[in-house]
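The numbers here are math on the coordinates, done by the rules we state, and not lab data. Just so it is clear, the structure is predicted and the values come from calculations on it, not from any experiment. For neighbour counting, all protein chains shown are included, and Cβ atoms are generated from backbone atoms with ideal geometry for every residue, glycine included.
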There are 2 protein chains.
Amino acid sequence: MRDATAVQAPPRIPGDETVPAELLDAFHAYERAVVANDLDALDAWFDDAPDTLRGDEGGLLVGHDAISAFRAQRGGVAPRAIERIEHRPLADGTALLVSVSRFDAGGRGLQTQIWRRRAAGWRIVAAHVSARPRAFDRAIWREVGEPLAPAAADGPLSGLSFAVKDLFAIAGSRVGAGNPAYLDEARPATTTAPAVSTLLGGGAALRGIARTDEFAYSIAGDNAHYGTPPNGALPGALPGGSSSGPASAVALGQADIGLATDTAGSIRVPASYQGLWGLRTTHGRVPRRGVLPLAPAFDTVGWLTRDGETLERVASWCLDGDAEAPLPWRFRVPVEALELAEPAVREAFEELLAALGRTAPIERVSIGDLAACHERFRTVQAAEAWRVHGAWLDAHPGALGGAVAARFAAAAEVTPFAEQAAREQLRPFAARVRALVGDAVLILPVVPGPAPSRTAEPDEIDAIRTATLRLTAPAAVAGAPSISAPLLTVPSALGRAPVGVGLIGRAGSDLSLVRLARALADAVS
Amino acid sequence: MRDATAVQAPPRIPGDETVPAELLDAFHAYERAVVANDLDALDAWFDDAPDTLRGDEGGLLVGHDAISAFRAQRGGVAPRAIERIEHRPLADGTALLVSVSRFDAGGRGLQTQIWRRRAAGWRIVAAHVSARPRAFDRAIWREVGEPLAPAAADGPLSGLSFAVKDLFAIAGSRVGAGNPAYLDEARPATTTAPAVSTLLGGGAALRGIARTDEFAYSIAGDNAHYGTPPNGALPGALPGGSSSGPASAVALGQADIGLATDTAGSIRVPASYQGLWGLRTTHGRVPRRGVLPLAPAFDTVGWLTRDGETLERVASWCLDGDAEAPLPWRFRVPVEALELAEPAVREAFEELLAALGRTAPIERVSIGDLAACHERFRTVQAAEAWRVHGAWLDAHPGALGGAVAARFAAAAEVTPFAEQAAREQLRPFAARVRALVGDAVLILPVVPGPAPSRTAEPDEIDAIRTATLRLTAPAAVAGAPSISAPLLTVPSALGRAPVGVGLIGRAGSDLSLVRLARALADAVS
């Protein structure tokens, strides 16, 4: 073991001849801190000021505190050595150092640093880092290709690519469900899920298999095994889940369509967090054959896209929706949903309603007790989830990450009596939602607030989860289609953030709902 | 259409309030030039000096000329808009601008620019760019995953991943052979090539399917359809081919093993260009079943790795080589090979021989007329290649990129008489090589010089190809195993560059040859 306290003579590096000794010492000390992931030292070398900068392909951080918080959750860098350095004095006490690092395991990185001499010595005031090129982002994808599977025919989706959530069967591939132990034991599927075949048959190419929260039983978008995909709209924020991989792939432009599932909000939440269009379809309308279930009473298939036009193309092809009657241009706002929204979301939503009200009748209605609805929903969901996965989980103790493990542990305790009671108590609520969408469309914020930070505490994530599911459960309980359209923007600690406007239509109105949402987007823009 | 000559008021961007008007105008004008890919304007905005810097994840360029040459071959960037800017004045007439761009098709980029006020106005003296995150590098990979296929068992290769050249059958996948038309028509394989199964059975996981030059009929490593993979050792240089994808993947640390083929040098050349270890095996020793042929008389299977220890692990498992007798510690240098080497390579090679000579007898020998050998080799190779691929190529006019198309066109003209004559003329040459490796090992530079620049002219590439094949053909003609070990470093226009030392052993001595090369590396270090 190297003695970390020993001061070694820094190695000579091509290009370091002109660097002043004191600056070169600082550079080497900083590099040692990077490789050792010595957080205190890294904090010390970055100028302690609110305008210090650090950027990489994941985004730009401003201020010493933001940089420090980022480092605390990043983990270290792979072993590397500085191979070359370029020094450009910019002014007295200000210097540019650009260095190339070579990683022990192959590949190079590039670091641009602007150093300034402060009273305490040289400090970095701005840095831009290019890490060693990864093959791909394992937090987003499990497999990816050009294409991973080709389109089966020319069609209206020709030229589009799709990311499929790792729950769908593809002949010859395994389903991983976001869990490495499950993937290890999975056998290649012999047939392809119809929801996948339909996209291929419409001309879309399969871009890749994208990550999901474990067994789709979460809405945060983190995964204890593969990491948290980046939020394509709000750097530093959670991506939303459980369709986190497809959503991030689409938001980043790495695929055009996300093929996903929504049991309790798993399409709508990441759509809202990442500024995407997302459709949860009518329960049972899109075949779920070949899709790993979570809670069959609520599981649905749907899609994520960057724009409404693409979502309409996809829905139009996949739903064969020509027989649908158009939806009325009449909206109802569930007042209990507005009460759950954060003030900034409520304000932005009210502004949208004001604009919409110029062309459409809008009525405020009571939808019922959302907390009670969610409580019963989650009882039934838990009972079904345990029925689906309990045997495997019992045989694989310790296979799950923390929050999902806790959720399944609670699910194991739901009694048949409790399940049955919850199911019956949900009936009037479902009837109420169906009545409200009989001759109008429900409109509400998809989520209470914008995507939380990746550094949010588990307690905070849990509180957000509860509030969110109170908003997303009603559509699931009613089996009704629901869309998230990226029509709100609100301030957040991480910058201006998207929030989705949710519409719920009557069962079977899926394509009409997409068209209505597009018309709404036009009406309020 | 936007009128490119119209001067528009630049959009207001969050953060631009403090930027001096003249600098902000320059920033916007430069950004317009980037999006329009206006090369003259881009050249003008970068400070015309030999110490101007531009870096990205692909490497660091120093000097206005190098930056200009890079831009000329890059093509433009995707449509984007600046979303945010951070301005930090560094000194009078020196400013840092860090900006975030948002791409129309999703994803963000980051640009760090240091501007200085010159007599003619503000100019960029240093820039660091993070492009929008791609899903993966399509020049390296066709498909990639974690894993794309799991290991079939625990074994001596457990923990290692491999990139397979896109010529090997994998059950359920298609073979693309570096050509999109061929890939489009390919049907999924029903069985997996034994060379792939053996690695999976030894514990290695399949990381991905990596690119090849079209039908493996090139050694440059460029591909007209998918782009040129980066050289992992020498940024800006060609990767070498035809096993370009596996070689770049291994050099960049994106896989541990490259599973590839070597007909005329397709493993040894990229190994030499990228500082890797590469083994061409004895003809027929590794089963070629399930591998798309090029010229069956010479086609062999082999591997690329970053270090000799891994190559020995792989060869030891795959070759079952316990029955091999060790090779003698005695070397022969073909003087005709040395004459083909560039002066810097010859000098480095002679230094290595001097070091090796302290422990081993080294004899200089004549191997024969390498030009004549190559000429006859390529006649037979061409005839066989046309026999394999001619029918498909006749049915797909225009399917091939330029240089490979020209090569196949010439191949179509080889008469049976010419082929037979060449085959007979090769016999004494093969016998000569076999005699030379009967009780010694041939040692020679793998290639005449380091990897040429990606901007080299076709004529230059062609001359390099001819000289290279004169060095690599003898092992192919003799059916003998040959290794490339990264033991030379020479100066090049792109910086210090690796060059491989080649060893040729007697048929069947493959594993012994790897061990000998490792011993040689130790002896000369």
To make sure I understand, if each residue's beta carbon is the centre and we count other beta carbons within 10 Å, what order do B:Trp277, A:Trp386 fall in, fewest to most?
A:Trp386, B:Trp277
On a C-alpha basis, how far is the centre of region B:164-210 from the centre of region B:11-41 in Å? Whole number, if you could?
47 Å
Please find the FRET efficiency linking A:Arg117 to A:Gln420, where r is the Cβ-Cβ separation and R0 is fixed at 60 Å, and quote it to the nearest 0.05.
0.25
Could you give the distance between the Cα centres of region A:459-473 and region B:248-272, to the whole Å?
50 Å
One would report the antiparallel percent of DSSP beta bridges in region A:141-524, rounded to the nearest 5, as 65 percent
HN-Hα couplings for region B:126-143 via Karplus (6.51, -1.76, 1.60; θ = phi - 60°), in whole Hz with x for Gly/Pro, come out as 7, 9, 9, 10, 10, 6, 5, x, 7, 5, 6, 8, 5, 6, 8, 10, 9, 9
Determine ³J(HN,Hα), in whole Hz, for all residues of region A:277-284 in sequence, where each value follows from phi through the Karplus function 6.51 cos²θ - 1.76 cosθ + 1.60 and θ = phi - 60°; x replaces Gly and Pro.
8, x, 10, 8, 8, 3, 4, x
Residues meeting the amide H criterion for A:Leu90 (H placed from the backbone, H to H distance under 5 Å, 5 or more places apart or on another chain) are A:Ala95, A:Leu96
DSSP H segments from chain A that extend 20 Å or more along their own axis, Cα-based, with Kyte-Doolittle mean of -1.0 or above:
A:21-36, A:370-395, A:416-436, A:458-478, A:510-524
Normalised by the residues of chain B, what does the relative contact order come to in percent, with Cα pairs under 8 Å and at least six apart?
13 percent
Using only the C-alpha atoms of chain A, find the volume of their convex hull and express it per residue in Å³.
167 Å³
Relative contact order of region B:16-130, pairs being alpha-carbon contacts under 8 Å that are 6 or more residues apart, as %:
24 percent
From fewest to most C-beta neighbours within 10 Å, the residues A:Leu200, B:Leu511 line up as A:Leu200, B:Leu511
Report ³J(HN,Hα) in whole Hz for each residue of region B:483-500, in order, from the Karplus equation J = 6.51 cos²θ - 1.76 cosθ + 1.60 where θ = phi - 60°; Gly and Pro get x.
10, 10, 10, x, 10, 10, 10, 10, x, 8, 4, 9, x, 4, 10, x, 9, x
Please list, in order, the residues from region A:425-469 whose amide nitrogen is less than 18 Å from a point placed 7 Å along the Cα→Cβ vector of A:Ala493.
A:448-468
